[in-house]
Amino acid sequence: MDNKPSLSQYFGGNEVPPASQFFDEIGTSPTDMIQSVYLGDSDVRPQTTSTGLFPPNVSTAFIQNTMPQEMTFTNVLPTVSGSTAIPATSLPDPSTFFDTIGPEPQISSRKTSTISASVLSDAMDGLSIKNQPVDKEADRRRDAWIPNEDAKKTLLKAQSSPKGSFFPEREVLTMPGLVLEEELADALQEVAVKYLGVSSAGVHGVVRADHVSRDEAGLRELLRTGYLRSAVNLTATLISAAGQGAGRMHRPTKHTPRSLQLWLTRFAVMCRIKLYEPLMREAEPFGDFSKPDMFYQFYPESYENRTGSLVPFSLRLLIAELPMHVNKPEEAMDRLYAMLNVIEQMITNLKECRTEDGTATITAEDQVESLRLWTSRQTRVLHSIINCAIALKDYRLATKILSSLAESGSIQQRRALKSALCRVSLLAGNVRAATEQCSMAQDLRHNICPTPDVREYVDLGLIDIAHGKYQDAYNNFAKAADQEPTNIMVANNLSVCLLYMGRLKEAIAVLQKAIHSDPERGLSESLLINLCTLYELESSKTNEKKLNLLRMLCKHKSDTIPNVLECLKLA
């Protein structure tokens with residue numbers, strides 16, 4: 001699931017595979033393709049109009065499969081992948097979750113109108129939840145979840161028992177603890193010291209957990225500046241202070257919204273830097289968050305009459321999706337459908353003017369707000385199911401869900417969904433269907449603006465590539481570049497088309513220009529891998545050029561790239 005685009009492993013064949021195979025390769029990294037729009041939690045952030053399921057940042061790139069045998073241009077096969085620029089001053093968002101269309105999500109307080117789509121942003125917002133005014137209806141709406149029958153029995157017992165007389169069995173308790181005990185070092189700093197020496201690496205000012213305040217404010221600062229490994233280290237300190245640190249797994253503990261928010265932050269960052277193995281082990285005790293101690297009702301002395309789940313929705317979704325990142329999309333699909341079933345039951349209750357759990361009635365105004373929140377969350381889960389379907393190459397299911405979503409919503413949403421259907425059709429090798437969906441997206445676009453935008457030019461360019469028309473594809477991507485000169489995805493696409501036309505030096509120049517014109521955006525994982533691969537195509541003497549890129553990383557980037565050696569293709 002985390003394959004990186006690379007040219008080097010397509011050098012073994014003697015002929016260019018058909019265009020349909022080009023699109024089949026997308027299945028190796030589906031979450032780079034389907035990136036859904038976060039519609040916002042109406043209880044905590046202002047609602048915005050979603051501009052689409054597929055962002056325009058889908059690029060042709062180079063996927064690594066086998067060791068090179070002979071480097072010849074005719075053996076290079078591009079595929080499609082996502083490319084998300086991550087400025088050092090912006091919140092790094094995991095490719096496995098939700099991206100907005102257009103600008104990267106900026107770090108902001110909830111008081112602003114900026115809505116970040118990333119799970120890390122959700123985590124950061126949640127860290128300051130104590131500063132929010134009390135709104136019982138908004139709390140109920142946000143925290144709503146239906147416990148299973150076993151949990152209901154335990155919760156009823158907890159609420160009906162005299163004070164101090166309720167002692168639950170261990171089987172009903174969630175008992176997490178830290179698995180990753182050692183502190184993580186700054187990966188970029190380590191690589192820089194090894195290849196550039198201490199003096200050159202010193203340009204990269206490392207920020208450690210002990211450089212910031214040991215609280216949520218310090219954690220937010222580490223996330224804001226991109227020092228993700230230091231952020232993981234600080235979450236360990238804060239979680240340990242909450243009684244759930246190293247050695248605490250399988251021991252009873254009390255859960256709070258704050259402790260679960262810390263786990264959300266830790267898991268989101270670990271997912272971003274691809275620490276999947278320890279993440280899976282630390283997430284295991286939580287299961288599907290169905291145990292009764294995951295509900296407010298389990299703690300009547302602390303939360304009085306408050307009901308609902310302590311678990312942030314983003315944490316629930318992250319853990320449901322997690323198996324997809326370790327090549328188990330079937331398991332993720334099962335978890336996501338289980339979530340979807342609960343959400344659909346809550347929506348049914350809301351439509352009957354009852355609360356989400358069906359235990360009381362609500363006002364018409366509250367019903368509208370609750371339906372808005374939970375239908376948006378339902379859509380988020382459906383987008384994740386689409387990712388799983390693509391990972392399983394079940395394009396029929398992906399198309400069915402996208403088509404159902406495209407039946408309603410704003411013109412912008414329906415247009416973006418038609419664009420998504422175009423790209424799924426390309427994944428399935430059905431170029432005719434892709435062309436039809438692109439045409440429908442164009443018709444809807446006419447109701448929004450009179451001229452094509454980046455999304456449309458990218459769709460047209462991808463269709464051209466499917467037909468083997470690389471010059472036409474280049475022309476479309478060039479028009480997209482005219483509209484967004486700093487769009488890294490477009491630069492990657494232009495480079496691939498130039499490569500296919502035998503213009504290697506121009507392909508390299510495009511990527512170099514993208515980096516030098518905007519280093520914070522340009523120094524992205526996919527662009528670095530592509531550029532270093534082109535360097536190797538051009539000459540066997542590439543080491544100094546790669547080291548120059550490393551120097552630029554030290555100057556402009558924080559510790560946001562999971563594998564610097566892989567990106568720069570350094571031995």
Quick check: residue separation of Glu331 and Ile411 times 0.36 nm, minus the Cα distance between them. What number comes out in nm?
25.4 nm
Applying 1/(1 + (r/R0)^6) with R0 = 35 Å to the Cβ-Cβ distance of Val179 and Asp150, what FRET efficiency is obtained, to the nearest 0.05?
0.80
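With the alpha-carbon atoms as the only input, what is the per residue convex hull volume for the range 219-264 in Å³? Kindly include the intermediate steps, with their values, before the conclusion.
On the way: hull volume 3.2 nm³, N = 46.
Output value, Cα hull per residue: 69 Å³.
Rounded to a whole number, what % of the accessible area of the range 169-260 do carbon and sulfur atoms account for, probe 1.4 Å?
Values: 2170 of 4230 Å².
Here it works out to 51 percent.
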Evaluated at q = 0.14, 0.22, 0.28 Å⁻¹: base-10 log I(q)/I(0), Debye formula over Cα of the range 292-360:
-0.57, -1.00, -1.13
Largest-first principal axis extents of the Cα set of the range 300-339 (Å):
43, 15, 12
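Over the range 444-506, what relative contact order in percent results from Cα pairs under 8 Å that are six or more residues apart?
Working: 54 pairs, mean separation 18.1, N = 63.
Across the range 444-506, relative contact order equals 29 percent.
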Can you give me the distance in nm between label points at Ser439 and Asn563, each placed 7 Å from the Cα along the Cα-to-Cβ direction?
4.3
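With the Cα gyration tensor of the range 166-286 in hand, convert its eigenvalues to equivalent ellipsoid semi-axes via √(5λ) and list them largest first in whole Å.
Details: eigenvalues 202, 43, 22 Å².
Three semi-axes, in Å: 32, 15, 10.
Which whole-number value in Å² is the accessible area per residue of the range 228-324, probe 1.4 Å?
Value for the range 228-324: 31 Å² per residue.
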Hull shadow area, averaged, the range 460-571 [alpha-carbon convex hull, nm²]:
7.0
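Below 12 angstrom from the Cβ of Pro292, what's the summed charge of the other residues (Lys, Arg +1; Asp, Glu -1)?
-1
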Just the number, please: carbon plus sulfur as a percent of the accessible area of the range 308-406, 1.4 Å probe, no ligands or DNA/RNA counted.
52
Positive minus negative residues near Arg455 (Lys, Arg vs Asp, Glu; Cβ under 9 Å):
-1
How large, in percent, is the carbon and sulfur part of the accessible surface of the range 490-546 at a probe radius of 1.4 Å?
50
Please grab the % of Cα pairs in the range 385-452 that end up more than 19 Å from each other.
30
Relative contact order for the range 271-334: what is it in percent, counting Cα pairs under 8 Å that are at least 6 residues apart?
24
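Between beta-carbons, use under 14 Å as the cut-off and find the net charge around Asn305, counting Lys and Arg +1, Asp and Glu -1. Intermediate results must be reported in sequence, preceding the final value.
Working: positive: Lys136, Arg140, Arg306; negative: Glu137, Asp139, Asp143, Glu301, Glu304, Asp357.
The answer is -3.
What order do you get for 172-183, 448-459 when each peptide is scored by the mean count of other beta carbon atoms within 10 Å, highest first? Could the numbers behind the result be given before it?
Values: 172-183: 16.9, 448-459: 18.5.
Ranking the peptides 172-183, 448-459 by packing returns 448-459, 172-183.
Go through 546-555, 404-413, 374-383, 265-274 and give me the packing order, highest mean Cβ count within 10 Å leading.
On the way: 546-555: 18.0, 404-413: 15.2, 374-383: 20.2, 265-274: 24.6.
Those peptides, ordered most packed to least, come out 265-274, 374-383, 546-555, 404-413.
Which values, in whole Å and largest first, are the semi-axes of the equivalent ellipsoid of the range 332-475 obtained as the square root of 5 times each eigenvalue of the Cα gyration tensor? Walk me through the numbers on the way to the answer.
Values: eigenvalues 256, 71, 16 Å².
Value: 36, 19, 9 Å, ordered largest first.
Taking Cα pairs under 8 Å and at least six residues apart, what relative contact order does the range 418-474 come out at, in percent? Show your work: numbers first, answer last.
Working: 48 pairs, mean separation 18.4, N = 57.
Reported as a whole number, the value is 32 percent.
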Taking the Cα centre of each part, how many Å lie between the range 459-474 and the range 134-195?
49
Cβ crowding within 10 Å averaged over residues, with 480-488, 301-309 ranked highest first
480-488, 301-309
Over 27 Å between Cα atoms, which of Lys274/Lys469; Lys274/Lys393; Lys136/Lys163 qualify?
Lys274/Lys469
If I model a spin label at Leu504 and Ser540 as a point 7 Å from the Cα along the Cα→Cβ vector, what separation in nanometres do I get?
1.3
Ala364 versus Asp472, label points 7 Å from Cα toward the beta carbon: distance in nm?
5.4
Quick one: accessible area per residue over the range 342-463, 1.4 Å probe, rounded to a whole number of Å²?
41
Centroid-to-centroid separation of the range 277-337 and the range 396-456 [C-alpha atoms, Å]
33
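The values are calculated or read from the model by the stated rules, or taken from the named source; none is laboratory data. What you are looking at is a predicted structure, and each value in this text was computed from that prediction instead of being measured. Cβ sites come from the backbone with ideal geometry, for glycine too, and all protein chains shown count toward neighbours. Ligands, DNA and RNA are stripped out before the accessible areas are found, and what is left, the full protein with its side chains, is counted by its heavy atoms. Shrake-Rupley method; radii C 1.70, N 1.55, O 1.52, S 1.80 Å.
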